[in-house]
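The values are calculated or read from the model by the stated rules, or taken from the named source; none is laboratory data. Everything numeric in this text was worked out from a predicted model, so none of it was measured. Cβ sites come from the backbone with ideal geometry, for glycine too, and all protein chains shown count toward neighbours. Quick note on the areas: whole protein, heavy atoms, side chains included, nothing else; ligands and nucleic acids left out. Shrake-Rupley method; radii C 1.70, N 1.55, O 1.52, S 1.80 Å.
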Amino acid sequence: MKLSVEDPRRKLMSHLKTKIAVIPGDGIGPEVVREAVRVLERVRETHGVEMELTPFDWGAEKFLSEGVSLPSGALEMLSNDFNAILGGAFGDPRVPSNQHAEDILLGMRRGLDLYINLRPVRLLDSRLTPLRNRKVEEIDFLVFRENTEGAYCGAGGFLKKGTADEIATQEELNTRRGVERIIIAAFEYAREQGRKRVTMADKSNVQRYGGDLWQRVFKEVAADYPELEANHQYVDAMAMFMVLDPAQYDVIVSNNLFGDILTDLGAAIQGGLGLAASGNIHPGRVSLFEPVHGSAPAIAGQGIANPVGAILTSAMMLEYLGHKKASQAIEKAVRESIVNDETTRDLGGKLSTEQAGLAICQRLGST
């Protein structure tokens with residue numbers, strides 16, 4: 001299972017120009033996505049990547065003015081007409097329910113069956129981690145988070161709501177198919193990328209039914225990859241070990257809820273959410289790539305948001321689309337910018353969002 005559009009199921013022909021839908025979203029989303037697009041336009045010139053970027057105005061403004069979040073027919077259009085989606089951040093205090101964000105993000109994840117949430121945790125410079133005396137090579141792993149079911153399936157309800165006897169239930173759904181395919185994806189990636197170990201995180205000592213399914217499937221799948229070490233940790237222990245000994249991890253696989261929590265911890269030890277990239281992937285199909293820092297409305301419009309997460313997300317997207325050299329060039333440029341303190345204030349630099357994006361572009365070569 002290759003995490004790329006080289007999968008033979010992909011309908012779009014390889015000789016056609018790569019088509020990317022761009023959805024900047026809310027808050028700082030438009031600011032950081034603007035810099036990611038700037039970088040993509042630069043590699044189009046420096047690396048000959050043929051791509052067409054099409055913007056969409058889906059977000060809080062459209063929802064508030066038109067009552068539209070994800071337009072009718074959007075999923076079919078994205079699936080049929082585009083190779084990938086570059087998203088920003090979604091969330092606006094003017095929409096307290098966050099309904100538009102749920103409709104757009106979860107709508108795409110579920111509607112396009114993007115069952116892999118892939119989060120790299122990679123330290124770009126030893127100065128960035130809050131962990132003491134950690135080298136760059138000691139924090140370099142990936143998390144495969146199941147992205148379509150689990151505790152985020154929306155099942156549950158209330159009984160006697162608003163009374164002293166209120167009961168709220170929140171159900172977690174795990175299917176054999178869903179568990180198996182995310183675990184296979186983690187092992188396949190480890191094999192293809194020369195990683196040595198796949199670690200599963202769960203809480204099967206308490207969550208006995210879902211945990212039992214994950215445990216059985218993990219052991220069955222691991223048997224097909226004898227060259228890889230397969231081990232298991234309870235999620236609370238893993239959270240501790242990610243801080244104490246992050247070098248032990250190569251590839252982690254977990255369910256939706258635990259994967260969400262662990263990846264934010266991973267972002268913290270790599271230097272913060274402003275650096276964190278992610279992909280919502282179904283191999284061989286149109287997939288969604290988005291930074292994970294949120295819309296941060298408190299700093300929106302001030303020009304101080306860190307664009308690196310969005311830029312590294314665009315690099316992930318290019319790798320998925322088969323443009324590995326361009327992807328590697330972007331990451332190299334980001335590393336060099338950080339080493340030379342060409343960063344926004346959250347990383348100790350003095351640059352604005354736009355200046356940080358321009359600095360990375362300049363390190364990609366002259367146009």
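General observations
- Scattering profile of the chain at q = 0.06, 0.08, 0.11 Å⁻¹ [log10 I(q)/I(0), Debye over alpha-carbon scatterers]: -0.22, -0.39, -0.77
- A crude spin-label estimate for the pair residue 196 and residue 99, with each label 7 Å from Cα along the Cβ direction, gives 5.3 nm.
- P(r) for the stretch 290-348, from all Cα pairs and a bin width of 10 Å, is 22, 45, 29, 5 %, short bins first.
- Long pairs among 196/219; 135/332; 160/203; 17/325; 62/160; 219/325, criterion Cα-Cα beyond 24 Å: 160/203; 62/160; 219/325
- Isotropic mean projected area of the C-alpha convex hull, the stretch 221-344 (nm²): 10.2
- Where only C-alpha atoms are counted, convex hull volume of the stretch 64-212 per residue in Å³: 235
- Per-residue HN-Hα couplings for the stretch 207-213 [Karplus 6.51, -1.76, 1.60; θ = phi - 60°; Hz; x = Gly/Pro]: 8, 6, 7, x, x, 4, 4
- Pairwise centroid distance, computed over Cα atoms, of the stretch 243-311 with the stretch 37-89, Å: 20
- Value at 222 nm in deg cm²/dmol, rounded to 500, when DSSP H runs of n ≥ 4 in the chain each add -39,500 (n - 2.57): -11500 deg cm²/dmol
- Each peptide in 235-245, 78-88 was scored by the mean count of other Cβ atoms within 10 Å over its residues; highest first, the order is 78-88, 235-245.
- Apportionment of accessible area to carbon and sulfur, the stretch 24-164, percent (1.4 Å): 48
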